[in-house]
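Working notes, structure below.
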Amino acid sequence: MVRMAMAQDINDFIANGLEVNDISKKLPPLDSLVVMAKEHSPFLKVTLNEQQYRDGVVSFEQRAWLQYINLEAGYNYGIFDNLSNSQIAGDPQSQALFSTEQSRYQLGVSVRLPLSAIINRRAKILSAKGEAEKARYETEVAEMELEQQVTILYNDLLKIHRMFFLANAIVDTFRVQSLRAEKDFANGVISVTEYTRLQQMMNQASMNYELQRSDFVAAVMALENITGADFDI
């Protein structure tokens with residue numbers, strides 16, 4: 001009954017400790033971490049820039065025919081012959097022209113559209129739209145992969161932190177037992193074999209604690225690197 005009570009006490013201690021030291025309460029929510037990662041990701045920025053470039057190519061190909069339109073303007077100043085009002089009205093008896101000093105402007109528009117431009121225009125536009133659509137899909141895939149990676153790193157951090165806490169709790173337990181074992185060994189209560197076994201268990205627990213601590217630090221750094229954040233934990 002005593003052992004069962006001790007085991008229950010230890011389980012309660014671990015459960016309470018995990019609840020108090022829940023690292024998820026010290027981290028931003030998962031959806032916020034995903035947003036931070038998207039804003040920080042250099043690769044995602046590259047795909048977004050590529051998408052914007054491809055959309056620009058589509059617009060360019062759609063307006064490419066404008067390069068074959070020529071706007072011509074001219075300006076002349078001097079003395080010019082002009083029709084009289086009667087001539088303009090259609091009077092056949094008025095034949096004389098009158099001369100005046102004038103400024104004249106000329107404006108014209110011409111279109112020289114090669115046959116190849118007409119034939120290839122639709123194909124170029126379709127090709128540009130296809131590349132733009134491909135760039136959009138690549139961006140969506142990159143975002144999905146990034147969301148998945150952040151989710152995995154986030155859950156790994158929670159799991160590793162629990163293991164780290166448990167390793168620390170086990171070390172504390174064996175540390176108390178080790179101190180008691182030293183007294184019992186000095187008083188002749190336990191044998192050398194039992195004392196050695198307890199010390200080996202303490203050493204093994206300490207090694208496992210250091211491994212879990214290393215994994216925890218690496219997990220924090222991985223989530224910080226992908227989100228560009230600095231977690232105070």
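The values are calculated or read from the model by the stated rules, or taken from the named source; none is laboratory data. This structure is a prediction, so every number in the text was calculated from the model and none was measured. Here Cβ is always computed from backbone atoms with ideal geometry, including for glycine, and neighbour counts include all displayed protein chains. In case anyone asks, the SASA skips ligands and DNA or RNA and just uses the protein heavy atoms, side chains included. Shrake-Rupley method; radii C 1.70, N 1.55, O 1.52, S 1.80 Å.
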Along the charge dipole of the range 109-233, pointing to its positive end and built from +1/-1 on Cβ of Lys, Arg, Asp and Glu, which listed residue (ASN155, GLY130, SER191) has its Cα farthest out? GLY130
Can you pull the semi-axes for the range 126-208, root of five times each eigenvalue of the Cα gyration tensor, sorted largest first, whole Å? 60, 10, 5
Carbon and sulfur atoms: what percent of the 1.4 Å accessible area of the range 172-233 do they account for? 53
Heavy-atom surface of the range 133-189, accessible at 1.4 Å and reported per residue (Å²): 65
Residue-ordered couplings for the range 130-139, obtained by feeding phi - 60° into the Karplus form 6.51 cos²θ - 1.76 cosθ + 1.60 and rounding to whole Hz (Gly and Pro as x), are x, 5, 5, 5, 4, 4, 5, 5, 4, 5
Relative contact order for the range 162-222, counting Cα pairs under 8 Å that sit 6 or more residues apart, in percent: 48
For the range 152-157, in order, what is each residue's ³J(HN,Hα) by Karplus, 6.51 cos²θ - 1.76 cosθ + 1.60 with θ = phi - 60°, in whole Hz (x at glycine and Pro)? 5, 5, 5, 5, 4, 4
Above 18 Å lies some portion of the pair distances; for the range 191-233, what is it as a whole percent of all C-alpha pairs? 51
Spelling out what I want: for every residue of the range 47-59, take phi, set θ = phi - 60°, compute 6.51 cos²θ - 1.76 cosθ + 1.60 (Karplus), and round to whole Hz; glycine and proline get x. 5, 5, 5, 5, 5, 5, 5, 5, 5, x, 5, 4, 4
